[in-house]
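Read through the structure below, which is laid out as structure tokens, and then see the notes.
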Amino acid sequence: MTEGRPLAARLPRALRSLLAPFARNVLKYLVLRDPSIRSQHFGTEQMANLAAQFLETNEIRGSYLEFGVYRGSTFAQFYRAFRRHRLDVPMFGFDSFQGLPSAGDADADPGFRRYAEGSFACSEAELRTELGRRRVPADAYTLIAGFYEDSLSPALYERPGLSPAAIVFLDCFYARSTRAALRFITPTLQDGTVLMCNSYFRFKAHPDHGERGALAEWCRQHPTIGLTEYAKFGTTGIAFIAHLTAATR
Ligand SMILES: C[S@@+](CC[C@H](N)C(=O)[O-])C[C@H]1O[C@@H](n2cnc3c(N)ncnc32)[C@H](O)[C@@H]1O
């Protein structure tokens, strides 16, 4: 019934209907940096926000387990995302605090970019300082030191809050390290665990190398665990959702 109304009376509504979507998009994309933007700017920070939203929407409870913490940039982004969504998520970081081990097996192939042993070294004390600087309080997280082949013992499953896992973030490059991390997290998975591989498309995205190779091997060994592809992020990252009984892949 707007046709019969004078133009002056219709103008505010017409203006509003023009401006409202514009304002909504400014808020969504520029202020909130909404994760629905799919572009090269969809980085780890947006992924952290999306994963937190996924937990909230699906009422998934559990821990955050990060394998390869380095200086804590991703760790802090997840802490902030959990805070933003008012999620109480116990956080665990696993790292040698001596950097990368040497590349082994197929990952030592000189056809791919290689890193020197010890690259990305950051001591536990440095990391704690860095996390403090990024306003992550010390009582919000637990750090487990050591190379995964030695440090990931079954005794860790007893740590309060560690299991089940709501989010697993793998960022340790090599297949051997990823294999050890995947072996460890297997009993902590639940339907809906978000499993992220930050270096999935390294090694030129080759299906037999690095995180991608280790994940494919692990999937073959665990046919009852299904993975649904959820999102790609950053330059080399991918996120899956785990299912304990589905054959989805
Ligand atoms: C690329 S950095 C991780 C970056 C980090 N996620 C961030 O947000 O900046 C890789 C980390 O994995 C750790 N790492 C790699 N292989 C490991 C292993 N086998 N055992 C323990 N730590 C390992 C390294 O010490 C290093 O801190």
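The values are calculated or read from the model by the stated rules, or taken from the named source; none is laboratory data. Every value quoted in this text rests on a predicted model; they were computed, and no experiment measured them. Here the Cβ is made from the backbone with ideal geometry for all residues, glycine too, and neighbour counts use every protein chain on show.
Kindly list, by first and then second residue, each pair from a residue in region 64-78 that is free of Cβ contacts under 8 Å to residues at least 40 places away in the same chain to a residue that is more than 6 Å from the ligand (Cβ to nearest atom), limited to pairs with Cβ atoms under 6 Å and residues at least 6 apart or on different chains.
Listed by first residue and then by second, the contacts come to Gln77/Thr44; Gln77/Glu45; Gln77/Ala48.
Residue-by-condition table, conditions (1) part of a strand (DSSP E or B); (2) buried (at least 24 other Cβ atoms within 10 Å of the Cβ); (3) outside the structural domain of Phe75 (by TED's automatic domain parsing):
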residue	(1), (2), (3)
Leu162	no, no, no
Val168	yes, yes, no
Ser177	no, yes, no
Pro207	no, no, no
Arg212	no, no, no
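Go through (1) more than 21 Å from Thr74 (Cα to Cα); (2) under 19 Å from the mean Cα position of the chain (by Cα); (3) not hydroxyl-bearing (Ser, Thr, Tyr) and name the single condition Leu156 misses.
Failing condition for Leu156: (2).
State which residue pairs qualify: first residue more than 15 Å from Ala48 (Cα to Cα) and inside region 220-241, second residue among the aliphatic types (A, V, I, L, M) and not in a strand (DSSP E or B) in any location, beta carbons under 7 Å apart, and separation of 6 or more residues or different chains.
Within 7 Å, the pairs are Thr224/Leu244; Ile225/Leu189; Ile225/Leu244; Gly226/Ala246; Gly226/Ala247.
Tell me the residue from Ala138, Ala103 that is under 13 Å from Cys172 (Cα atoms) and aliphatic (A, V, I, L, M), please. Step through it out loud before you land on a result.
Values: Ala138 fails: under 13 Å from Cys172 (Cα atoms).
After applying the criteria, what remains is Ala103.
Of the conditions (1) surrounded by 16 or more Cβ atoms within 10 Å (Cβ to Cβ); (2) of a type in the set (Gly, Ala, Ser); (3) within 14 Å of Phe173 (Cα to Cα), Gly93 satisfies every one except a single condition; which number is it?
(3) is the only condition that Gly93 fails.
Within region 92-113, identify whether any single residue is touching a strand residue (DSSP E or B) at 6+ places or on another chain (Cβ under 6 Å) and more than 7 Å from the ligand (Cβ to nearest atom), and answer yes or no. Walk me through it before giving the result.
Of region 92-113, the ones touching a strand residue (DSSP E or B) at 6+ places or on another chain (Cβ under 6 Å) are 92-94, 97.
Filter once more, keeping what is more than 7 Å from the ligand (Cβ to nearest atom): 92-93.
Yes - at least one qualifying residue is present in region 92-113.
Got a number for residues in region 196-235 being within 15 Å of the ligand (Cβ to nearest atom) and more than 20 Å from Phe112 (Cβ to Cβ)?
The qualifying residues number 2.
Name the residues in region 194-242 that are closer than 20 Å to Phe82 by Cα and aromatic (Phe, Trp, Tyr), would you?
The answer is Tyr230, Phe233, Phe240.
Could you list, in sequence order, all residues of region 37-76 that are at pLDDT below 95, within 16 Å of the ligand (Cβ to nearest atom) and β-branched (Val, Ile, Thr)?
Thr44
Residue-by-condition table, conditions (1) exposed (fewer than 14 other Cβ atoms within 10 Å of the Cβ); (2) closer than 30 Å to Tyr230 by Cα:
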{"position": "Asp105", "(1), (2)": "yes, yes"}
{"position": "Glu117", "(1), (2)": "yes, no"}
{"position": "Arg134", "(1), (2)": "no, yes"}
{"position": "Tyr141", "(1), (2)": "no, yes"}
{"position": "Ile144", "(1), (2)": "no, yes"}
{"position": "Tyr148", "(1), (2)": "no, yes"}
{"position": "Ala155", "(1), (2)": "yes, no"}
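Among what's in region 164-178 and is small (Gly, Ala, Ser) and either over 24 Å from Ala116 (Cβ atoms) or more than 9 Å from the ligand (Cβ to nearest atom) (or both), pick the residue that is modelled with the lowest pLDDT. Walk me through how you get there before you give the answer.
Initial filter on region 164-178 (small (Gly, Ala, Ser)): 165-166, 175, 177.
Pick out the ones that are also either over 24 Å from Ala116 (Cβ atoms) or more than 9 Å from the ligand (Cβ to nearest atom) (or both) and you get 165-166, 175.
Numbers: Ala165: 98, Ala166: 98, Ala175: 94.
Top of the filtered list is Ala175.
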